[in-house]
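Structure, as structure tokens:
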Amino acid sequence: MIIDNVGLDSSARFAFQSHAHTDHFVSGEVIYSTRATKFLSHLRKGGFYREIEFGKTFYLGDFKAKLYPAGHMLGSAGIKLWLENGTLFYTGDTKWFKLRTAEKSRFPRADFLIIEATFGVPHFTFPTPREAEKKLIAFVEEALERGKKPVLYVNQMGKAQEVMKILDLHGYTVRASREMVKVARVYSKFGLSFGNISADGEVLLRSYRSPKVENSLSPWELTVSGFGTLKLSNHADFWELMRIVERVNPERVFTVYGFAEEFARILNGIGYESTAIESTTTLSGYWKFFNRTF
């Protein structure tokens, strides 16, 4: 989304990048992000990043701005902008409940809200991260008791490190890909250590993009994702999204990604004026809303 040469997870002269997953990579004269997002992004891309601390006021183009933890992965951030006649908060990818390897999310009051809707329908109701963690450990313990090697399919950046940390806390070693280990080294620079990485690890982590995931899995293999068999998600489920909307308490909502159309219809049905937009939207077309008088 772009507003007056300012990109929100979009390439523009002044670009804000919410986190380090490749589908949110941006380019621009200056890319604004947290320090962790800069370090993680530099594993895969270049670009001049300006590091911004959570809670510190700065200027993004002509707009006063502030970053808030999004809870999606290490360093992920939402951004609040002060527009001419109101405030706008963009969540980026976000999570209400605290994950072990991400900062606890925070959501400020704003007049306008742009919120992700990856899981924006009631069908997506997930266990809390701690409940999912219990199911994960039960699966690992049963597999090992039966003499089998548990295999977990995970996103190599973010989810892999979350699972590695959970297994470390419960005393299990892991065998992980080179990419997962590289990302874990960056996490360690931010105080998240992993003492359980081993070439002979008890649990095998594989990339979620592995061709095996497209085929039938054995009883000792799990996909760890909101779309997978074990619902340990780093995205908010439907009910978490509803909590975020209630916390921000906006005058108007814009939904983006995933089930944006469906989520906007639901919000309209309960009294929030809502519109689904594309991630490539130039928001100048909605300027009449952003410049309304409150």
Using just the helices of the chain, give the 222 nm mean residue ellipticity in deg cm²/dmol: DSSP H runs with n ≥ 4 each add -39,500 (n - 2.57), and the total is spread over all residues, rounded to 500. -7000 deg cm²/dmol
Restricting to the chain, what percent of DSSP beta bridges are antiparallel, rounded to 5? 30 percent
Computed from these coordinates, which is log10 I(q)/I(0) by the Debye sum over Cα atoms at q = 0.07, 0.09, 0.17 Å⁻¹: (1) -0.29, -0.48, -1.51; (2) -0.45, -0.72, -1.46; (3) -0.27, -0.44, -1.36? (3)
So, for the chain, what is the accessible surface per residue at a probe of 1.4 Å, expressed in square angstrom? 43 Å²
Which percent of the accessible heavy-atom area of the chain goes to carbon and sulfur, probe 1.4 angstrom? 47 percent
HN-Hα J couplings of segment 60-75 from phi, Karplus 6.51/-1.76/1.60, θ = phi - 60°, integer Hz, Gly and Pro as x? 10, x, 8, 9, 5, 8, 8, 9, 10, x, 9, x, 7, 6, 3, x
What helices does the chain hold that run 18 Å or longer along their axis, going by alpha-carbon atoms, with a Kyte-Doolittle average of -0.5 or more, using DSSP H for the helix calls? 129-145
Quick one: net charge around residue 276, please, counting Lys, Arg +1 and Asp, Glu -1 for every other residue with C-beta under 15 Å from its C-beta. -3
Taking the Cβ of residue 263 as the centre, find all other residues whose Cβ is under 13 Å away and add up their charges (Lys, Arg: +1; Asp, Glu: -1). -4
Please report the antiparallel percentage of DSSP beta bridges with both residues in segment 70-194, rounded to the nearest 5. 60 percent
Taking the mean number of other Cβ atoms within 10 Å as a proxy for protection, how do you rank 221-229, 11-19, 131-139 from highest to lowest? 11-19, 221-229, 131-139
Quick shape check on segment 35-83: root eigenvalues a ≥ b ≥ c of the Cα gyration tensor, a/c under 1.5 is rounded, otherwise prolate if a/b tops b/c, else oblate, and it reads oblate
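The values are calculated or read from the model by the stated rules, or taken from the named source; none is laboratory data. In this text, all values refer to a predicted model and were calculated from it rather than measured experimentally. Here the Cβ is made from the backbone with ideal geometry for all residues, glycine too, and neighbour counts use every protein chain on show. Remember, those area values only see protein heavy atoms, side chains included, never the ligands or the DNA or RNA. Shrake-Rupley method; radii C 1.70, N 1.55, O 1.52, S 1.80 Å.
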